[in-house]
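Peer 1: Pasting a structure below so you can have a look.
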Amino acid sequence: MYIQKIQIEIKSKADKDEIFEEMNMLTCYYRGNGQSQGRIESQYIAGRKIISLPFTLEKDSLDRKYNNFYTERQIDKIEQLCAAKIQIKTVGKTSADYKSACKCKKSDFYILITNYVTIESPIFCGTCHQSVPLYRLPKYKDHGYVPILSWESDYISCDTLQMNCYVGERWALNQMENLKSTLTKQGLKICRTLEGLTNTPTYYYLHNYLRYKEDDLTRACPGCGNSWGLQPQLHERYDFKCDQCRLVSTLSSCS
């Protein structure tokens, strides 16, 4: 990913702590519009400057052409308080070989998926299997993508509980595996809405932990009961795909 530097110099008599909080709100709006990744940005005060260092999927993710109503309003507010302009610059990458996010003009399908360690977009392209910046999709609700990010946060919370293997592990696994769980229903609703907005099939990743008593690939789809095993794998990762139920999954992770 790219690391961006958002900076403003306070040229007015505005309080630095107040500007710090306003900049923090700006990064929240960038996040809500899918322009930045992760939930916590490095932000600090350096003299009369406030600096934030968010992650982005593309070099130009923070360009004003992607801003929504809330982001533009917050930028204007900060610039007026500081009597200065916000400066944005790409200062690095998280790895030398990072290329970019999905560049497909038209994806064959999308996958809604995340986990407890990633800060990628929760939408992946079914064609290239690269992360899809949310701001490249139609606005989901209220100028942004908060419902999608809320599901992402809920899923990450469940995944963290089951990985920690102590408090709430069984409950969290049920949320991730069960087709009728609140978490899964929330995700499937997002998939249906995105499919309607984009006219692109959108699949939900259903976690598979417990080993099947027979050959795992012979498991029926938990939604319709039809065969959904794949040979070979899709993108060298997915072992199951049901076009009717819009589900993808993998072989059991339990040895």
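The values are calculated or read from the model by the stated rules, or taken from the named source; none is laboratory data. A quick note: this is a predicted structure, and the numbers were derived from the prediction, not measured. Positions of Cβ are generated from backbone atoms using ideal geometry, with glycine treated the same way; all protein chains shown enter the neighbour counts. Heads up: the accessible areas ignore ligands, DNA and RNA and are worked out on the full protein's heavy atoms, side chains in. Shrake-Rupley method; radii C 1.70, N 1.55, O 1.52, S 1.80 Å.
Peer 1: How large, in Å, is the stretch 5-118 by the Kirkwood hydrodynamic radius built from its alpha-carbon pairs?
Peer 2: The answer is 15.5 Å.
Peer 1: State the Cα centre-to-centre distance between the stretch 159-186 and the stretch 50-77 in whole Å.
Peer 2: 33
Peer 1: I've got another one for you. At R0 = 22 Å, how high is the FRET efficiency between residue 64 and residue 42 if r is their beta carbon distance? Nearest 0.05 is fine.
Peer 2: Efficiency for this residue pair is about 0.45.
Peer 1: Same structure again: Quickly estimate the mean residue ellipticity at 222 nm for the chain, helices only: each DSSP H run with n ≥ 4 gives -39500 (n - 2.57), and the total goes over all residues, rounded to 500.
Peer 2: -10000 deg cm²/dmol
Peer 1: If Lys and Arg each add +1 and Asp and Glu each add -1, what is the summed charge of the other residues whose beta carbon sits under 12 Å from the beta carbon of residue 127?
Peer 2: Residues near residue 127 contribute +2 overall.
Peer 1: While we're on this one: Net charge around residue 152, counting only other residues with Cβ within less than 11 Å of its Cβ (Lys, Arg = +1; Asp, Glu = -1)?
Peer 2: Taking every Cβ under 11 Å from that of residue 152, the sum is -1.
Peer 1: I've got another one for you. Relative to the compact globular guide of 2.2 N^0.38 Å, what is the alpha carbon radius of gyration of the chain, as a ratio?
Peer 2: Expressed relative to 2.2 N^0.38 Å, the Cα Rg reads 1.14.
Peer 1: Rounded if a/c is under 1.5, else prolate if a/b beats b/c, else oblate: with a ≥ b ≥ c from the C-alpha gyration tensor eigenvalues square-rooted, which is the stretch 105-251?
Peer 2: oblate
Peer 1: Same structure, new question: Carbon and sulfur: what percent of the stretch 122-244's accessible surface (1.4 Å probe)?
Peer 2: Taking all protein chains in place, the stretch 122-244 shows 49 percent carbon and sulfur surface.
Peer 1: Also, quick follow-up: To make sure I understand the rule: partners must be lysines, Cα under 24 Å from the Cα of residue 241, and not fewer than 8 residues away in the same chain. Which ones qualify?
Peer 2: 103, 105, 106, 180, 185, 189, 213
Peer 1: Count the net charge of all other residues whose Cβ sits under 14 Å from the Cβ of residue 68, scoring Lys and Arg as +1 and Asp and Glu as -1.
Peer 2: Neighbourhood net charge equals +3.
Peer 1: Before I look further, what does the stretch 1-52 give for accessible area per residue, probe 1.4 Å, in whole square angstrom?
Peer 2: I get 47 Å² per residue for this part.
Peer 1: Computed from the mean reciprocal separation of all distinct C-alpha pairs, what Kirkwood hydrodynamic radius does the stretch 129-185 have, in Å?
Peer 2: Across the stretch 129-185, the inverse of the average 1/r is 12.8 Å.
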